[in-house]
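The values are calculated or read from the model by the stated rules, or taken from the named source; none is laboratory data. All figures in this text were calculated on a predicted structure; none of them were measured in a lab. Note that we place each Cβ from the backbone using ideal geometry, even for glycine, and neighbour counts take in every protein chain shown. Please note that ligands, DNA and RNA were not included when accessible areas were found on the heavy atoms of the full protein model with its side chains. Shrake-Rupley method; radii C 1.70, N 1.55, O 1.52, S 1.80 Å.
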Amino acid sequence: MPALKKAALAVTSAALLSAFVVAPASAADKDDAPKPPSGMSQVGGEQLGRAGTQVNLGAGAPVLPKKLTGRSWMVSDAETGEVLAAHNPHWRLPPASTLKMLFADTLLGDPALLPKTREYTVKDEDLADLGEGSSLVGIKEDLSYTVHDLWLGVFLRSGNDAVHVLAAMYGGVPKTVEAMRARAVELQALDTNVVSPDGYDAPKQVSSAYDLSLFARDGLQNADFREYCSTATAQFPGEKKKGEKRESFGIQNTNRLLTGADGVDAYKGIAGVKNGYTTHAGNTFTGVAERNGKVLLVTVMNPSSDEAHAVYKEAAKLLDWGFAASGKVTPVGELVPPKSAVTGTGTDTAGAGKGAEADAAANPKGGNGPDRAAQAATTTEGSSGVGIALGIVGGVLVLLAGGVFLVNRRWPLPDLMRRRPRP
């Protein structure tokens, strides 16, 4: 990579990371904000296909938080997969770096291909196609890195350079994109279209709060995924001067609910998963947390609030609500299991409305389905608000004690998910 281009990428990356999840939408953006389709995918349940906020409050249930500004959000019970509340959960939006969860699901699913201890010497061409302004961990050509190092770069610094090197090791970006698309289909994440493996803005690259929750649910069943997404700080290999020991430098996770950085309080019980930001996607975040034995997953996409770090603050509010509302609401849908876990043809997935495959047949180009505006929605907060994407997390608990995060690997999962084979 030419020195001038590398310098420009480094400067732009530093500026991007310093403003990560800080830049709010402008007032003009709020006025001109696009509206969700009146009818969307019904994977996970008919109610999830409706526009606006969906919640079925029972006796004693708290109302949803006020001033939720995310275009889409969702909160789920991690163990049962029940969606407690959602807002436009199937709205197909740019995902930014939260798409890296699907990248990790795809490549970590085959540990024999990319074992953690494997070393790789980076070539110039591996870093040739990084998008302008990409977030970088600081990988250099002609230096070697282990697969373990590269995954830390992906999860902690959201490094697109680390993604491209791992993709090169996997067989190249086109092969990686194809594999990610296949993995999304297996997970019944039919709102997702992968164009770039790192989540960098690309035409027609979209996902949804629902699908991002499925990616987190799948990844959190993998021990390596859990380790990487819950790591707060690490040392990363640096330059190597002739005759001297190779240097290293510290990196910190950009997930502020995990680290408690930049004026955002660390969320008690948080255990990952992934944050992101691009110009078109705005701020996106999927997180998993445990409290009193209950594990919840939340996803928030593109809040319009002028408040700094709104994506984290709204996610924290939704998690608080979810823990308080657990057992007091009727689920509005569920996170469907992967196709390989469904008996029969896979078209009768419980809670999937018309079924994922039927939905795909009705929308062969990945559209949001027919107009269902006439269907009544059970809402309490109107159509403006941040949605919670619910997923299956599985007992991962991160405790903050003296600044050190400890991961409890207990992993309670529904029997169906315990039994399902990993392709």
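Please sort by residue number the chymotrypsin sites (Phe, Trp or Tyr not before Pro) in the range 118-210 whose DSSP state is loop and whose Cβ has at most 15 other Cβ atoms within 10 Å.
Values: sites: TYR120, TYR145, TRP151, PHE155, TYR170, TYR200, TYR210; in loops: TYR200.
Of the chymotrypsin sites (Phe, Trp or Tyr not before Pro), not one in the loops of the range 118-210 has a Cβ with at most 15 other Cβ atoms within 10 Å.
Place a label point 7 angstrom from the Cα of SER248 along the Cα-to-Cβ direction, then list the residues of the range 145-165 whose backbone nitrogen is under 19 Å away.
145-159, 162
Note the full-extension length gain between ALA324 and THR233 as 0.36 nm times their separation in residues minus their Cα-Cα distance, in nm to one decimal.
So the extension gain works out to 29.7 nm.
Could you look at the range 106-157 and say what percent of its accessible area is carbon and sulfur, using a 1.4 Å probe and all protein chains?
Values: 1010 of 2170 Å².
Within the range 106-157, the accessible surface is 47 percent carbon and sulfur.
Could you tell me the ratio Rg/Rh of the range 106-159? Both radii from Cα atoms, Rh via Kirkwood. Intermediate results must be reported in sequence, preceding the final value.
Numbers: Rg = 11.6 Å, Rh = 12.0 Å.
Result: Rg/Rh = 0.97.
The range 200-217 to the range 59-118: how many Å between their Cα centroids?
8
Roll a 1.4 angstrom probe over the protein heavy atoms and tell me the percent of accessible area of the range 173-226 that is carbon or sulfur. Don't skip to the end; give the middle numbers.
Values: 940 of 1590 Å².
Here it works out to 59 percent.
List the trypsin sites (Lys or Arg not before Pro) within the range 54-134 that DSSP assigns to loop and that have no more than 10 neighbouring Cβ atoms inside 10 Å.
Numbers: sites: LYS66, LYS67, ARG71, ARG92, LYS100, LYS116, ARG118, LYS123; in loops: LYS66, LYS67, ARG92, LYS116, ARG118, LYS123.
Loop-located and lightly packed - LYS66.
Set the bar at 23 Å for Cα to Cα. Now go through LYS268/LYS313; LYS116/LYS241; LYS35/LYS274; LYS268/LYS317 and name every pair that lies beyond it. Provide the component values of the computation, followed by the final result.
Working: LYS268/LYS313 13 Å; LYS116/LYS241 25 Å; LYS35/LYS274 26 Å; LYS268/LYS317 12 Å.
As for pairs spanning more than 23 Å Cα to Cα, those are LYS116/LYS241; LYS35/LYS274.
Suppose all protein chains stay in the model; what accessible area per residue would a 1.4 Å probe give for the range 154-297, in Å²? Mind showing how you got there, number by number?
Working: 4850 Å² over 144 residues.
Each residue of the range 154-297 exposes 34 Å² on average to a 1.4 Å probe.
Give the calculated FRET efficiency between THR146 and ASP124 to the nearest 0.05, with a Förster radius of 25 Å applied to their Cβ-Cβ distance.
On the way: r = 20 Å, r/R0 = 0.80.
In this case the efficiency is close to 0.80.
Using a/c under 1.5 as the rounded threshold, could you call the range 174-294 rounded, prolate or oblate? The axes a ≥ b ≥ c are square roots of the C-alpha gyration tensor eigenvalues, and prolate needs a/b larger than b/c, oblate otherwise. The partial results should precede the final answer.
Values: a/c = 1.79, a/b = 1.24, b/c = 1.44.
Taking the square roots of the gyration eigenvalues as a ≥ b ≥ c, the range 174-294 is oblate.
Starting from the Kirkwood radius over alpha-carbon pairs of the range 236-313, derive D by Stokes-Einstein at 20 °C in a medium of 1.002 mPa s and give it in µm² s⁻¹. Don't skip to the end; give the middle numbers.
Values: Rh = 14.6 Å.
In µm²/s, the coefficient is 147.
Tell me the trypsin sites (Lys or Arg not before Pro) within the range 249-317 that lie in a loop according to DSSP and have at most 16 other beta-carbon atoms within 10 Å.
Numbers: sites: ARG256, LYS268, LYS274, ARG291, LYS294, LYS313, LYS317; in loops: LYS268.
Here the sparse-neighbourhood loop sites are LYS268.
So what is the relative contact order for the range 229-272, in percent, with contacts set as C-alpha pairs under 8 Å and at least six apart? Mind showing how you got there, number by number?
On the way: 58 pairs, mean separation 14.7, N = 44.
That works out to 33 percent.
Heavy atoms only, probe 1.4 angstrom, no DNA, RNA or ligands counted: give me SER340, SER207, SER196 ranked by accessible area, highest first.
Working: SER340 50, SER207 0, SER196 20 Å².
Descending accessible area places them as SER340, SER196, SER207.
Could you check how much of the accessible area of the range 240-330 is carbon and sulfur, as a whole percent, using a 1.4 Å probe?
Numbers: 1590 of 3560 Å².
Within the range 240-330, the accessible surface is 45 percent carbon and sulfur.
How much length is gained on full extension from ALA182 to LYS241, taking 0.36 nm per residue of separation minus their Cα-Cα distance?
So the extension gain works out to 17.0 nm.
Is any residue of the range 203-231 close enough, with backbone N under 17 Å, to a label point placed 7 angstrom from the Cα of HIS280 along the Cα-Cβ axis, and if so, which?
Hits in the range 203-231 for HIS280 at 17 Å: 203-209.
I want the local charge near ALA167. Using Cβ-Cβ distances under 13 Å, sum +1 for each Lys or Arg and -1 for each Asp or Glu among the other residues. Intermediate values should be presented prior to the final figure.
Details: positive: LYS100, LYS123, LYS175; negative: GLU125, ASP126, ASP129, ASP161, GLU178, ASP198.
So the environment of ALA167 carries a net charge of -3.
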